[in-house]
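Following: one structure in structure tokens, then a few remarks.
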Amino acid sequence: SLLSSTDSLPPPRVSFLLYSTDRPLVHFSLPGVQNTSTLLLSDDGSTLYVGAKDAILSLDVSRSDVISLKKKVDWRPTEKETEDCSRKGMDQTVDCPNFVHVLQLLNSSHLYACGSYAFNPQQVFID
Ligand SMILES: *[C@@H]1O[C@H](CO)[C@@H](O)[C@H](O)[C@H]1NC(C)=O
Ligand SMILES: *[C@@H]1O[C@H](CO)[C@@H](O)[C@H](O)[C@H]1NC(C)=O
């Protein structure tokens, strides 16, 4: 349950009842991590990468009963970049963080990510 409901999303491909025994719902949250809107599952299905506000997480989802944090990579604009962003008329807290919108598996060692980065989109390869 990483996503908050959004009316514009298409209907889910799979649905199941809350608290059903064959599809248990496991909740994961991390203090300070918001806008977890980009999700990417590893090919083997054991790791879920999450693009969030100013951060990218990798979660161990190999167990059906618990989700655990493997790694959190902070990726945020510097103070100067944030100031430059708000000087252009953007709202510092709404527009100027780095919202990670794209996550792709690049190869066996690297992940490709794009973020809005203080209204100046950036891309990175993450080891
Ligand atoms: C980030 O999350 C906040 C709180 O849920 C929401 O109001 C805001 O629109 C989100 N921003 C983006 C860029 O998704
Ligand atoms: C994956 O791609 C990155 C970025 O191009 C590169 O630095 C790295 O060596 C590549 N790794 C492998 C295993 O090919």
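Bear in mind that the values in this text are calculations on the coordinates, not laboratory data. This is a predicted model, so every value here is computed, not measured. Positions of Cβ are backbone-derived with ideal geometry, glycine not excepted, and every protein chain shown enters the neighbour counts.
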Charge context of LYS88, other residues only, Cβ under 14 angstrom, K/R +1, D/E -1:
-3
J(HN,Hα) series, segment 114-127, from Karplus relation 6.51 cos²θ - 1.76 cosθ + 1.60, nearest Hz, glycine and proline x
10, x, 5, 6, 6, 6, 8, x, 10, 10, 9, 9, 10, 6
Would you work out which of TYR117, VAL94, TYR49 lies farthest towards the positive end of the dipole of the chain? Charges go on Cβ: Lys and Arg +1, Asp and Glu -1.
TYR49
Extending each Cα 7 Å along its Cβ direction at ARG13 and THR93, get the distance between those two points in nm, one decimal.
3.8 nm
Which value, in debye to the nearest 20, describes the size of the charge dipole of the chain about its Cα centre when Lys and Arg Cβ atoms bear +1, Asp and Glu Cβ atoms bear -1, and nothing else is charged?
120 debye
Please enumerate, by chain and number, the aspartates and glutamates with C-alpha under 19 Å from the C-alpha of LYS71, excluding those fewer than 8 residues away in the same chain.
ASP43, ASP44, ASP54, ASP60, ASP127
Among the lysines, which have Cα under 17 Å from the Cα of LYS72 when same-chain residues fewer than 8 positions away are ignored?
LYS53
Name the residue farthest towards the positive end of the dipole of the chain from the options LEU103, SER15, VAL73, assuming +1 on Cβ of Lys and Arg, -1 on Cβ of Asp and Glu, about the Cα centre.
SER15
Cysteines not pairable in the chain (beta carbon separation under 4.7 Å absent):
CYS114
